[in-house]
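The values are calculated or read from the model by the stated rules, or taken from the named source; none is laboratory data. The model shown is predicted, which means the values in this text are computed figures rather than measured ones. Backbone-built Cβ (ideal geometry, glycine too); neighbour counts: all protein chains shown.
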Amino acid sequence: MEKKPQDLLEFLRRSSPEDPAPGMRPEPAPPSLEPTPRMLVLRRSQLIVAGVATALAVVLAFLLGLALGGAGEGEPAVAGALAGPWVIRVVTYKDTEAGRKMAKSVQAQLERLLLREVSQQYIPSQEKVVVTIGAWVHPPERFAPARELRRKIRGLSDSRTEKSPFQDADFWRIRR
């Protein structure tokens, strides 16, 4: 591709069919520089604003993760609201000396049946002692082993009366 002449004299020189005079030969083109990539120049204030915006975005993402509970496949988006210590509440007694003795007796009987994670929970606000079994982070209704354990607890019967003293055993979320 030919460059356009910059002035009239050069135009005439290029358009003439004659050979130029020995002193008037065109000079060779100077070597051209290689093209350089475009550079992005940022000021310090722009970097500070970008850094603060990034930090706020990370904090916002963390807070949203806490609020929504990081729902996985098949979990509702509000699963974080239901997360917490879940147990099976076997039986509840008043927080008295007799109630504590009964709770300890029931706990010992359940441990003799080789059931794991049998414990007592004291609820001072309601003045109750609760015998619990199991421990789950999420609602255990969807876990087959948890449902089977609840069915087993409900099916236990008293040898003297043939009635099930734990028929009301159900899943319970421990509130703190």
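Filter the range 149-176 down to residues that are more than 16 Å from Thr92 (Cα to Cα) and in a loop (DSSP other than H, G, I, E, B), then give me how many there are. If you could, list the steps in order and put the result at the bottom.
Here is the first cut: in the range 149-176, the ones more than 16 Å from Thr92 (Cα to Cα) are 149, 151-152, 155-163, 176.
So of that shortlist, the ones also in a loop (DSSP other than H, G, I, E, B) come out as 156-163, 176.
Adding up the residues that qualify gives 9.
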Within the range 36-52, track down each residue that is loosely packed, with under 10 Cβ neighbours inside 10 Å and in a helix (DSSP H, G or I).
-> Arg44, Ser45
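In the list Arg160, Arg147, which residue meets the criterion of being at pLDDT 85 or above, more than 30 Å from Phe62 (Cα to Cα) and not assigned by TED's automatic domain parsing to the domain that holds Leu64?
Numbers: Arg160 fails: at pLDDT 85 or above.
When all the criteria are applied, what remains is Arg147.
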Hey, can you tell me all the residues within the range 65-95 that are at pLDDT 80 or above and either of a type in the set (Phe, Trp, Tyr) or exposed (fewer than 11 other Cβ atoms within 10 Å of the Cβ) (or both)?
-> Leu66, Trp86, Tyr93
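Is there a residue in the range 120-132 that is β-branched (Val, Ile, Thr) and closer than 16 Å to Gly84 by Cα?
Taking the range 120-132 as the starting set, the residues that turn out to be β-branched (Val, Ile, Thr) are 123, 129-132.
Applying the additional criterion that residues be closer than 16 Å to Gly84 by Cα yields 132.
Yes, some residue in the range 120-132 is β-branched (Val, Ile, Thr) and closer than 16 Å to Gly84 by Cα.
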Mind counting the residues in the range 137-175 that are in contact (Cβ under 8 Å) with a residue 60 or more places away in the chain, under 19 Å from Leu115 (Cα atoms) and in contact with a Gly (Cβ under 8 Å, 6 or more places away or on another chain)?
-> 1
